[in-house]
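This report refers to the structure that appears directly beneath it.
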Amino acid sequence: MAYMNHRHGLIRQSVLGLQTLSNFVFAMALIMSQPSWAATSSVTIGGPFTLTATDGTAVTDQTYRGKWLLVYFGYTFCPNTCPMTLNEIATALEKLGADAAKMQPLFITVDPQRDTREVLEQYTQSFDPRIVGLTGSPEQIAAVAKEYGAYWAAHKTGPGAEDYVMDHSPYLYVMDPDGKFVRAFDADTPSDHIADALRELMAQPREGGSHRVLRAR
Ligand SMILES: [Cu+2]
């Protein structure tokens, strides 16, 4: 009986999240299936945001212009995907060697209630000090998630206020030095593949301001 009730709870929560989820799945299906999609569609991934870094400084989408971004939404209490993904990112940074300096991995928490700046900082540092953890008000996080078409949903695991896990988008978003979306990786993409793909992207001649910046170096 308890089992049945549990099942019903899960089904009800799934239905609530269905609309958001189907929008998201549609957007990601477009992204993953067509490499040239970004150039031919008016739908955009990414955009202006304001968040807070773990050292307390305000961070916006402008803060990292000139760097390639690897953007991931997750939370430190995540039992599986987040640790695995951050591990792959850390290994990819190692494999990129000096090229890693052109990259900025961002870990945006979807769980600001439990992910205080201290918790977030300790967590990202434990994988690689180059990964920056970002948090913000629930409104700021909702806004940036919307820009990226990212979703999350809390599922209660017990009666306590902190008894919950989060479902969240399993994607890593790559943004170019001008802040434009380039591609997404599945969160379980091996570090070798991430590093190779990023190295290839960064080696391509680029148009506009950042191309001149790269050439001037
Ligand atoms: Cu996770």
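Coordinate-derived values only; no laboratory data. Quick caveat, the model's predicted, so the values are computed rather than measured. Ideal geometry is used to build each Cβ from the backbone, glycine not excepted, and the neighbour counts take in all protein chains shown.
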Query - the range 113-149 residues near the modelled Asn87 label - backbone nitrogen below 17 Å, point 7 Å along Cα→Cβ - result: 123-129
Query - Förster radius 22 Å - calculated FRET efficiency between Gln125 and Ala98, Cβ distance, rounded to 0.05 - result: 0.55
Query - Label-point separation in nm, Gln204 to Thr157, each point 7 Å along Cα→Cβ - result: 3.9
Requested in this report: Report the extension gain between Thr116 and Asp192 in nm, rounded to one decimal, defined as 0.36 nm multiplied by the number of residues separating them, less their alpha carbon distance.
Outcome: 24.2 nm
